[in-house]
Amino acid sequence: MDATKKLQDVVSVDMHAAKGLLSSGHCYLDVRKTEEFNKDHIENALNVPYMYFTQEGKFKNPEFLNQVTVLCKKEDHLVVGCQSGARSHRACVDLLNAGYEHVTEMGGAYSAWVDNGLAQHKPAE
């Protein structure tokens, strides 16, 4: 059996490489909060929040892997991103440990996508 995956096992690419992957058929999994996703997102992205933020603090979505399983097969090629990179990095580790084999993180995350002019509409500040 394979060893448990850790943060250093996550493959990360920059937003330009991620754009190329998405153009070749990879699926973008946006792990930001629904409110963030609804403001703007990468075209055809799927949204499954990795974290929830409440008055009591932030906590991991206990249904994250189940929700991803409804949308994606374990053999799908996924590019995972969030707003700045912290959530997507942890989400990638969980996905790899759940048996997803083709998981790539978009380094710099959605903020880099926007900053480099790749967003369809620049979200309001």
Residue match in the stretch 62-70 (condition: within 28 Å of Gly117 (Cβ to Cβ), surrounded by 19 or more Cβ atoms within 10 Å (Cβ to Cβ) and within 14 Å of the chain's Cα centre (by Cα)): no
Number of the exception - Lys58 against (1) at pLDDT below 95; (2) touching a Gly at 6+ places or on another chain (Cβ under 7 Å): (2)
Within the stretch 71-94, tally of residues that are open to solvent by less than 40 Å² (accessible area, probe 1.4 Å), in contact with a Leu (Cβ under 7 Å, 6 or more places away or on another chain) and aliphatic (A, V, I, L, M): 4
Residue match in the stretch 49-60 (condition: open to solvent by 80 Å² or more (accessible area, probe 1.4 Å), touching a residue at least 40 places away in the same chain (Cβ under 8 Å) and either among the polar types (S, T, N, Q) or within 29 Å of Asn116 (Cα to Cα) (or both)): no
Where Gly25 falls short, out of the listed (1) open to solvent by less than 80 Å² (accessible area, probe 1.4 Å); (2) touching a residue at least 40 places away in the same chain (Cβ under 8 Å); (3) under 14 Å from Val103 (Cβ atoms): (3)
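Going by the conditions given, is Val48 within 16 Å of Ser111 (Cβ to Cβ) and modelled with pLDDT of 95 or more?
Spelling it out, it is not the case that Val48 is within 16 Å of Ser111 (Cβ to Cβ) and modelled with pLDDT of 95 or more.
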Residue pairs meeting the criteria (Cβ under 6 Å; at least 6 apart or on separate chains; first under 24 Å from Ala98 (Cβ atoms), in the stretch 1-20; second surrounded by 14 or more Cβ atoms within 10 Å (Cβ to Cβ) and modelled with pLDDT under 90): Ser12/Gly107
Residue check for Leu95: over 11 Å from Val31 (Cα atoms), over 13 Å from the mean Cα position of the chain (by Cα) and among the aliphatic types (A, V, I, L, M): no
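The values are calculated or read from the model by the stated rules, or taken from the named source; none is laboratory data. Everything numeric in this text was worked out from a predicted model, so none of it was measured. We place every Cβ from the backbone using ideal geometry, glycine too, and count neighbours over all the protein chains shown. Protein only, heavy atoms only, side chains kept; ligands, DNA and RNA dropped before computing areas. Shrake-Rupley method; radii C 1.70, N 1.55, O 1.52, S 1.80 Å.
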